[in-house]
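Below you'll find the structure, written out as C-alpha cells, and then a few comments.
What follows draws every value from the coordinates through simple rules; no lab data is involved. Since this is a predicted model, take the numbers as computed values, not measurements. Note that we place each Cβ from the backbone using ideal geometry, even for glycine, and neighbour counts take in every protein chain shown.
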Amino acid sequence: MAVSLPIDRSLRRNRILFALVVGALLIAGCAERDDGFGGFDGAGGANMELQGKIDIDGSSTVFPITEAAASRFRKLFPNVNINVGVSGTGGGFKRFTRGETDISDASRPIDANEFSAAVKAGVRAIELPIAYDGLTIAVHPKNDWVDHLTIDEIRKIYASGDEKSPAPKLWSEVRAGFPERSIEPFAPGTDSGTFDYFREVTVGSKSSLRSDMSTSEDDNVLVTGVAGSPGSIGFFGAAYYEENKSKIRAIPIVNPETGKAVLPSADTIQSGEYSPMSRPVFIYINAKSVARPEVKLFVNYFLTNAAEIATAVGYQPIPASLYQHGLANFVGRKAGTHYLTPEGEKRSGPLVEVFQEQNLRETP
Amino acid sequence: MSDPTTLANEAAAIEPRPRDGRQTHFTHSREQTSEPTTLAIRVRDLNAWYGDFQALHAISLDIPANRVSALIGPSGCGKSTLLRWFNRMNDTIPSAHARGSVNLGDTDLLSRTTDVVDLRRRIGIVFQRPNPFPKSIFDNVAFGPRLHMKLSRTELQDVVEWALRKAAVWDEVKDRLASPALGLSGGQQQRLCIARAIAVGPEVLLMDEPCSALDPASTLAVEDLIFELRRQYTIVIVTHNMQQAARCSDQTAFFYEGRLIEVGATTTVFTKPKQQQTEDYVSGKFG
Amino acid sequence: MSSADSLATPTWRGDLDDRVSKYLGRSQRSLKLVRGRETVIYVILIASGLFSLLITGAIIYVLAIETVSFFKSDEVTFANFFGSTTWNPLLGGTKSFGIWALICGTMLVTAIAMSIALPLGLITAIYLSEYAPRRVRNVLKPVLEVLAGVPTVVYGFFALMTITPILQWLHGGFSVYNAASAGIAVGILCLPTVCSLAEDALQAVPRGLREGAYGLGATRFDVSVKVVVPAALSGIISAFLLAIARAVGETMIVALAAGSLAQATFDPRQQVQTMTGFMVQMASGDVSNYGTEYYSMYAVAFTLFIMTLALTMVGNIVRRRFREAYE
Amino acid sequence: MNLREQTKMQSPAEFDSDSKGPLASIQLLSGEPRRKLDARFRGLCVTIAAVSVLVLIGLLGSILLQGVPSLSLTLLTGGPEPDPSEAGIRPAIFGTLWVCSLCALFTLPIGVATAILLEEYQPRNRYGRFIYSVIQLNISNLAGVPSVVYGLLGLTAFVSMFGLFGSRTSQGGGLEIGVRYYDQFFSEGMRSILVPVSDPSQPVNKLVNGMQGFDSRGNQVAINVIPIGTPLPTGDELRYTLYEDGEAGRITKKAWYHFSLPLGRGVLTGALTLMLVILPVIIISSQEALRAVPSSLRDGALGLGSTPWQVVWHVTLPSAMPGILTGAILAMSRAIGETAPILIIAGIVYISRAPQNLMDDFTVMPLQIFNWISRPQEEFHAIAAAGIILLLAILLSFNALAVLIRQKLHKPLS
C-alpha cells in the first residue's frame, strides 16, 4: 500500500505548520507581534495560546529523550503541561493500555499480551521508533583485565547457572587469565525493556538471568553501582554511559558475524556493526489523543526533532527515512505494531526491515 | 477592707475575735432577716465511694438557707467529698459514686436526670486555690453570664461590676479590668473567683477551704466577705481552720473518718460539744 | 467600663442591685439547645477518636487482602516464604520468595544502627539528665532536636555522599552500596529518639531516690548508673524498643544507600536490601499491578507491619507501666 | 551498702577479732577510684555529646559544601529540567505547599478532636474505659508504623479507591466536580479557539463554518473554515481560520477545588496519605498540651455551670493552644520531610508545573531531591544538595517558629 495522497498533503501541511511555529518563535516579534490580544508573549517568544495536558509514562531508558523533548516543547508552548513518569516499559504499558496515559515510552516493542490488552480496552496505539540505544556493557575503570567480551562470555556472566555449572562468582571463572576477583553484576529491573532485550540476545527469551545481582529500574543507580566497585559489571542504555564516561569503562563486544570487537559509538550503532547489542526505542501514542492539538503538535515536534534530541542526550538517531515513515503513520493515524505477526508471533530483526508498511499489524 | 497589712491586723486574724462581737453581729443579722430559718440542702443517708473506698458513711445533714454552714474535721474526713457532691463536681472523677439523697428544694441532686450544668449554675463553688482563667479580669467575671444569659454589652458590664462590688474587689480592679487576672495578688484572685461565682446568680455558694492558700490579711478580707454575703446566699464552707469556722459560721458540722459526728450551732459545737471526739478536735488534741 | 463614671455617686448600690437582679431573674438560655449542641459535638469527637481505629483496620485489611492473594499464587508457598533465604521475586527461572533475605538485610542495618544509637543515646540521655550544666543543655537539646527533624532523604544523601566515601577510604572492601553506611545513617537518625525517650524515663525517677543516694556519699556516676538507670530501666528498654522499631521501618536511607541486592549476609561491607528498600524498588518500578511480585510487596509490608507493631506495642506497654509506677 | 559488703569480704579476720564492735576496725575504701570513675564517665559523656554536635556539623557542613555553589535563583524558579544548569525545584516547592497545607487542614481538626475526646471527656463506664485504652494504645502504635506502610494504604485506599471507581484518565470521566470541558481548535494562525462542551460524554465537535467559540481572552469568535488548498487569509482573519479537516481535542479547565473519583495520584491523595502519617503525632502532642492545663481551671469553669464542651472551648483549648500549635508545627515539619509514602503513591515524575487543583499531579521537595540524588551526574548531586539546603532552611524556620510560639505564648496558667 503506497502512501496515499491525503496523508502526503496532510503531512506537508503539518510541516508547514511547524515551520510556522518555529519561525514565529525564532523571529519573535516580526511574525505576529502581539496587538494586545494575548497571543504571543514577547519575552520568551513562546506561544501562550495552546493549552492542555499530556500524560506520558514508561521506560527509564526513553525517559531522557522524552524529558528533553517535553522540556523543549514547553519552552515553545508553556501552557501545555507535560508530565513524564518513570514506571518502566511494562508499568508504562499497563497504564497506557488502560487509557490512563497519552504516550508510553518503551525500550522494547509492545508484546502480544499488552497488545491484546490495548485492543480489549479499545486503545489504538501508534508505534513510533525514535532512536537507537546501544546497550553498553560497562565495568569499573580500574578493571584492566577485560579488553573485550564475546556474547558467550556475557551469557556466562549473566545466565542463571544450574547445578553443573553455577553462575560464576569470580572473574577467573569467566575466562582463563582473569583475576580471582568477585564479580558484582548489575542489571536493570525486569520491568524494563533493556532487561528483556538483553536477556533475548544473550540467553534467549526462554532462559533466565541469574538472580543474585543488583537490579534497579533506575539506570542511574546501575551506573553509580558499577562506578562504585572494581569487580562490578553492568549493562544499561548507551546514553547513561555517554553521561558517565569518566566513571565507567565500556567494553567492546565481539560481533558474532564479523568476529570483530566493537565499541558502541554513533557509527557502529547506526551501521549495525555494534550488533547484537543495539536496539531501537519507541514511543506509543494513543490514537484517540492525537486529535488533541497539543498532543499533535508535541508528537510532531518530537518526531521532527527526534534525531537532534536523541543525539543531544546520548542516543543515536534512526535513519531519516524511518522518521518520515513514522511521521506518515502518525499523521495517517495508522495504529498497530510492526513487531507482531498476524498470528501474534513476535517479529524481530533490524529496525529498517521490521518497520515496514507491509509488516504493520493494525489495531482493529 | 484592703487595709494595709499591719501587725495589728495580722494579730487580729490569728487571734480569735471577741466572741461577743460576732455574736452581736449574728444576732443583728438574724433580727434583720427576722424569718424562720428555711432549709436549703437536705442530705439523707448519703454514702459515697471512690472506687472501693467508702468516703462517706450514712450522712444526714440539713443546710439552712441564708446561713453560713461550716464543715470541719481532720484531713480525709470526707468534708470536701460531701461539698463536691452538692454540685456534682465529683462527676469529673470517674470512680466516684454515691447512694442516698441530697436535695436542693425539690431537686434531687444525685439523680441521673438532674441537669448538672443547671445545677452548678444554682450552686456555685469556690476552690481552695484561686483559679482565675488566663483571661482578663472582666472576662473572668463575665464568663458565667456569657454562658447562661443573653445580655447586652452594657448589661454584662453591669453584672460584672455588681459581682466585683459584691466580692469587695471592685475598688482594687476597676481601673484595670482588661488586664490579666493572673496579675492579681492571691487574695484578690480568690475574691475575683468569688465574684465569678456570684455573677451567675447562684442560690448556694460552696467554698472549699477558700482561705487555705492565702496570707492572713487576705484571709481576713475573704472572711469579711463571706460574712457579708450570707445575707443573700446560703454558704457552705469547708475549713481546716477552726477559728475561721468559729468566726464566720452559724452552723458547724464535725466530720471524722467519713462520718458526721456532730452538728449544731457554731457556738454550741465550739463551747459545749456533745461528743468527746468533737471536743478533742476543737480543743486541738488531734487533727 | 462606660458606666464607671456615673457609678461614682453613692446611690449606685441600689440602682445596680435592682438592675442586676432583673437580669439574673430573666429566663436563662435554652438548656435544650445547649444539650443538643453538646451531643452533636460529642458524637463528632467520638467519630474522630474512632478514626484512628479505622486507620489501623484499613491498614490490616489492605495488607491482609493482598497478602492472601500473594499466598494464593502457585509460585508461592508458606514454606518458601518463611523458610528460605533466597529473595528473588523478579529474576531467574524459578522465583523465590524467601523473606529471610530481606529480614536479614533489615536486621543487619538495624543492628549497625542500634550499636550506634543505643549506647550513644543512653549516655547522652544520662549526661543531659544527670550531669549537664544548663549551658550545655541549651546547646545540646536543640542540636538533638535539629538532628531529629532532618528529613530522612537528607540522611540518605549524607550516607551515600559522605559516609560511604569515608568508609571506602578507610577500607577498600566496601562496595558503593553497603549496609554499614546505611546503618550508620539510620543510627544517627535514631539517636535523638533514644536520647529523648531515655531522658524522659530518667527524669521520671523521683528526686528522692537521687537525694537518698547522694546523702550516702555517692558520686554522680554512682547515682546515675547504680540508682537512676536501674530505676528507669523499663523506661529505657521501652525507648530502645521504640528506636528499634523506627530503624526497622526506616525507608529512604536504605533505599538510597543500602543497595538492592537481597542477600542473607552479615558482612556490613556488602550491599543488602531491606524490607522497606524492596518496597521502594517495587513502587518506583511500578511492576504490573497483577503479578505475584507485585503482591509480594504487600506480603513484605505485612511482615514489616507486624514486626514494627510488635516492637512498638511492647515498647508502649512497658513505657506506660513505667510511667504509671512513678506518677 | 555495696561498699560495706566489699569491706566485709576484704577483712573477715579483722572483723572477728575486734572486740569494740564490727565497725570500729573497718578500713574505709578510698573514694578516689569512684571519683576517678565519675570523672572518666563525665569525660565520656562530654566526648559523646561533642560527637553528636560534630555529626550535626558534619552533616550540615558536607551538604553546605556540596550545595552552596549551586544555590541560585534558577533553583527557586526552574522546573526539573534535564539540563542541570536550568534545573529547579519550583514545582516541588508548590507541591509541598499544596500537600502540606491541605494535610494540616485535615489533620489538625481530627487530631485535636481526638485528643480532646481522650483528655477531656472521661469515659462513663468500664466499657468506655476499655475503648479509650484501646484507642490510646492504638494511637501510640500508629505512631510507630513505618511511613512506607501508610504509602501502601494510600495507594490502595486513595489512589485506586479499592478499584471501586474504575481508573482515571487524563481526560476525566466518572464523577467530577469543578471541571469545565472545551473542545480546543488550533487555528492556522496558531490561536487556540475553545468551544465549550456541556456534556462531556458527547463526541468532540466537528468543525463547521461559522461555529462559535472563545479565544484565549474569552471573546466570542466565529470560526472561519476554508477548503483544503485554499490560500490562507492574512491579517486578523488568520487567527480564526482553519482548514476544513481541522480537528478539535477535548481539554478541561479545572477549578482549584476540582474533585473526581478515584482520587488518583493527585495532591489530595498526597495530603490524605500524609495525614495518616502525622495524625498520631498531632494527637499525642495535643494530648500532652491538654494534659498540661491545670485541672483547677476546668473545675473553675465546671463550677460555673459550663457544659463539657464550653469548658473545652472557652478554657482548656485556649490555654493549651500554644502547646498544640507547637506540636502541630513540628508535625508539619515532619510531613514536609516525608518522602517514602509520596514515593509509593506518586512515583518519580517529571512535572514542570506547580499543581493547579486538588487532583493535579505533583511532586514534593524531598522526592525531587531523591530523584536528583539517584542520578549519576555530579551536577545533579550538587543541585540535590542545594535543594536540601532549601528544605532544611524551611524546616529550621518551622522549628524556630515552634520555639518562638512556645516562648511567646507560654504564659503561666496558674
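When the Gaussian network model of chain D links Cα atoms closer than 10 Å, the mean-square fluctuations of D:Glu379, D:Glu32, D:Glu247 top out at D:Glu32.
If a spin label sat at a point 7 angstrom from the Cα of D:Ala222 along the line to its beta carbon, the backbone N atoms of segment D:239-260 nearer than 16 Å would be those of D:239-242.
What the phi angles of segment C:308-314 give under the Karplus curve with 6.51, -1.76 and 1.60, with θ = phi - 60°, is a coupling list of 5, 4, 4, 4, 5, 4, 4 Hz, glycine and proline written as x. Near C:Leu144, once Lys and Arg are set to +1 and Asp and Glu to -1 for all other residues with Cβ below 14 Å from its Cβ, the sum equals -1. Note on chain C: with a GNM built from Cα contacts shorter than 10 Å, the maximum mean-square fluctuation among C:Ala204, C:Ala262, C:Ala117 falls on C:Ala204. Shown here: the protein assembly as shown, whose C-alpha atoms stretch 129, 106, 54 Å along the first, second and third principal axes, sorted largest to smallest.
Using θ = phi - 60° in the Karplus curve 6.51 cos²θ - 1.76 cosθ + 1.60, the 3J(HN,Hα) couplings for segment D:146-154 round to x, 5, 5, 5, 4, x, 5, 4, x Hz; x is entered for Gly and Pro.
The amide H of B:Tyr256, built 1.01 Å from its N in the peptide plane, has B:Ile261 as neighbours under 5 Å, considering only residues 5 or more places off or on other chains. Relative protection proxy for D:311-317, B:146-152, from highest mean packing down: D:311-317, B:146-152 (other beta-carbon atoms within 10 angstrom). With R₀ fixed at 35 Å, the C-beta to C-beta distance from D:Gln27 to D:Thr47 puts the FRET efficiency at about 0.50. Once both labels are positioned 7 Å from their Cα atoms along Cα-to-Cβ, the gap between A:Arg347 and D:Arg291 label points is 7.2 nm. Computing FRET efficiency as 1/(1 + (r/R0)^6) for A:Lys164 and C:Ala310, where r is the C-beta to C-beta distance and R0 is 35 Å, gives about 0.20.
Per residue of A:285-292, other chain Cβ atoms within 10 Å of the residue Cβ number 4 on average.
Here the peptides D:339-346, D:324-331, C:138-145, A:316-323 are ranked by packing, the mean other Cβ count within 10 Å, and the order with the highest first is D:339-346, D:324-331, A:316-323, C:138-145. With the cut-off at 1.5 for a/c, could you classify segment A:49-144 from its C-alpha gyration tensor as rounded, prolate or oblate? Taking the square roots of the gyration eigenvalues as a ≥ b ≥ c, segment A:49-144 is oblate.
Can you give the FRET efficiency for C:Asp17 and B:Asp280, using 1/(1 + (r/R0)^6), R0 = 35 Å, r = Cβ-Cβ distance, to the nearest 0.05? List each step's numbers first, then the result.
Working: r = 45 Å, r/R0 = 1.28.
About 0.20, to the nearest 0.05.
Shielding of peptide A:218-226 by partners, expressed as the average count of other chain Cβ atoms within 10 Å per residue Cβ, is 6.
Determine the shape class of chain C: with a ≥ b ≥ c the square roots of the Cα gyration tensor eigenvalues, call it rounded for a/c under 1.5, and otherwise prolate if a/b is greater than b/c, oblate otherwise. List each step's numbers first, then the result.
Details: a/c = 2.71, a/b = 1.57, b/c = 1.72.
In terms of gyration-tensor shape, oblate.
A simple rule links phi to the HN-Hα coupling: the Karplus curve 6.51 cos²θ - 1.76 cosθ + 1.60 with θ = phi - 60°, which for segment C:227-243 gives 10, 5, 4, x, 5, 9, 4, 5, x, 5, 4, 5, 4, 4, 4, 5, 5 Hz, with x for Gly and Pro. Sorting the segments C:264-275, C:35-46, D:235-246, A:231-242 by their residues' average number of neighbouring beta-carbon atoms within 10 angstrom, most packed first, yields A:231-242, C:264-275, D:235-246, C:35-46. Site pair C:Val43 and A:Met48 shows an inter-label distance of 5.1 nm when each label is modelled 7 Å from Cα along Cα→Cβ.
Order these by the 10 Å Cβ neighbour count, fewest first: C:Met161, D:Met365.
Values: C:Met161 18, D:Met365 28.
So the ranking, lowest neighbour count to highest, is C:Met161, D:Met365.
In this label model, D:Arg180 and C:Ala111 are separated by 6.5 nm, measuring between points 7 Å along each Cα→Cβ vector. The helix-based estimate of mean residue ellipticity at 222 nm for the protein assembly as shown, built from -39,500 (n - 2.57) per DSSP H run of four or more residues and divided by its residue count, is -16000 deg cm²/dmol to the nearest 500.
Among B:Arg176, B:Arg88, the order by Cβ neighbours within 10 angstrom, fewest to most, reads B:Arg176, B:Arg88. Size descriptors for segment B:39-282 (Cα atoms only): Rg and Dmax, in that order, 17.8, 57 Å. Taken about its Cα centre, the protein assembly as shown carries a charge dipole of roughly 3220 debye when the Cβ of each Lys and Arg holds +1 and the Cβ of each Asp and Glu holds -1.
Exposure proxy check: D:Glu338, C:Glu211, C:Glu75, B:Glu161 ranked by fewest other beta carbons within 10 Å? Spell out each step's value before the answer.
Working: D:Glu338 29, C:Glu211 11, C:Glu75 15, B:Glu161 23.
Ascending Cβ contact count within 10 Å gives the list C:Glu211, C:Glu75, B:Glu161, D:Glu338.
For a label point 7 Å from the Cα of A:Asp147 along Cα→C-beta, name the residues of segment A:245-267 whose backbone N is under 19 Å from it. Zone members listed by number: A:249-256, A:258-264.
The mean number of partner chain beta-carbon atoms within 10 angstrom of a residue's beta-carbon across peptide D:265-277 is 1. For B:Ala40, nonlocal amide neighbours, meaning residues 5 or more places apart or on other chains whose placed amide H falls under 5 Å from its own, are B:Ile63, B:Ala65.
All C-alpha to C-alpha distances of segment A:134-271, sorted into 10 Å bins beginning at zero, yield P(r) values of 12, 46, 37, 5, 0 percent in whole numbers. Length gained on full extension, A:Ser321 to A:Ala121: 68.8 nm, using 0.36 nm per residue less the C-alpha separation.
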